[in-house]
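Structure first, commentary second.
Nothing in this text is a laboratory measurement; each read-out follows from the coordinates by a stated rule. In this text, all values refer to a predicted model and were calculated from it rather than measured experimentally. In this analysis, Cβ positions are derived from the backbone assuming ideal geometry, glycine residues included, and neighbour counts consider all displayed protein chains.
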Amino acid sequence: MSAGSSGVRTDAPLWRNPVAIWAMIGWTAANGAALALAGGYLPFDRPALAGASFAAQMASPSVALLEVFALMGVVWWLTRRRAIPDMAARAPTKARAAYETAGLLAYAMLGQVGGWLVGPALGYRPFSFHIAGTLVGCSTLSSPGEVWTWMGYNFLVFAIVPYVWFRRRYSTVELNLKSSAPRSDLLVILVVGAIESAVELWAFPGIFKLTAHQLALAAPLSFLVFFLGTVLPTMVLIYAVLLPRYLKLTGSVTATVVLGGLTYALMHLVEGWSLFATPRLTALSLVFVFLQYTGPGMFKSFVTLRTGNAWVHAIAYHAIAPHVIADTPMIAKVFAIR
């Protein structure tokens, strides 16, 4: 395939694209591994899914992946007439991009290890990109102190430090933090946000059980906690900094989408429902993390590549849906909002 001035080639159709083929093989293998490791039962602490059958829980990540592909189609259609930003041109030379990518990934993993140590040292559970109970609930709620500490740690380590470090050298445009087509971006935000909100309200109807008073207090609090604790860290670390470098290094949109998805999953290695008591449970937990989060991470990559604006996914597909819609009931319980 031919390559443009920034080195990005036109990818082959998915059915002939080696990256897409290997990704499908990997997805199938991960599902097979999860089936073998689970032995007919998923022992995770996920009260929101307690009533779902084993088959439904196993199928859930693949069903969610189908929705991701459908949303990608919607975003492609909405942006079909706009000039797609040359994101690879926003990255430095390949040599420097490789150096910065390796350094930031190493830093991110050290940050996760730090969260696994800091949380228990303070009497809390290990910290990851989600606080225990996010999306699926948990049998033991976090305390307000745990929530604030998790939020502050993630915001500082995964958002503030990377932003300050890279902002010294790169502009907001080069970090995908400035829109080149505000009206188009707003349209994507509104349409994707409406679709995903409808899906989340169907999947997580607990918000309808809150009183008006609970909703008025807990919804803004949930927005604040998760915006600082996971939305901005995700946006800065992966979609502002790493994504242009992935595109520069691979020269492939498909590979960049997949790498963005895998990196997003990598930042959720220790979830509140993860189990590490035995090698089997550890392997099952890690496999399920990748099944759960690779798809959403791929969509965030795709919409950022199409718009050149990392804020689009953060608003349309993260801050409100799912975290306000799915997690407001949990926040109401944590902070005893009645």
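What the table shows:
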{"item": "Cα→Cβ-extended label distance, 7 Å offset, between L201 and L105, nm", "result": "4.0 nm"}
{"item": "Peptides ranked, highest mean first, by Cβ atoms within 10 Å: ranges 150-158, 92-100, 326-334", "result": "326-334, 150-158, 92-100"}
{"item": "Rounded if a/c under 1.5, otherwise prolate or oblate - region 69-160, Cα gyration tensor axes", "result": "oblate"}
{"item": "Computed helical MRE - 222 nm, the chain, DSSP H runs ≥ 4 contributing -39500 (n - 2.57), nearest 500", "result": "-19000 deg cm²/dmol"}
{"item": "Count, lysine Cα pairs under 18 Å in the chain, 8 or more residues apart or across chains", "result": "4"}
{"item": "Estimated FRET transfer efficiency (A336, S62; beta-carbon r; R0 41 Å; 0.05)", "result": "0.60"}
{"item": "Added length on full extension, which subtracts the Cα-Cα distance from 0.36 nm per residue, T172 to N31", "result": "46.9 nm"}
{"item": "Estimated FRET transfer efficiency when R0 is 45 angstrom, pair L187-L141 (beta carbons, to 0.05)", "result": "0.70"}
{"item": "Length released on extending from A194 to A216, taking residue separation times 0.36 nm less the Cα-Cα span", "result": "5.9 nm"}
{"item": "Relative contact order for the chain, counting Cα pairs under 8 Å that sit 6 or more residues apart, in percent", "result": "32 percent"}
{"item": "FRET E, pair A83, V161, Förster distance 45 Å, beta-carbon r, rounded to 0.05", "result": "0.85"}
{"item": "Paired Rg and Dmax values of region 202-327, which use every Cα atom, in angstrom", "result": "16.3, 51"}
{"item": "Shape category assigned to region 119-184 from the gyration tensor of Cα positions, a/c cut at 1.5", "result": "oblate"}
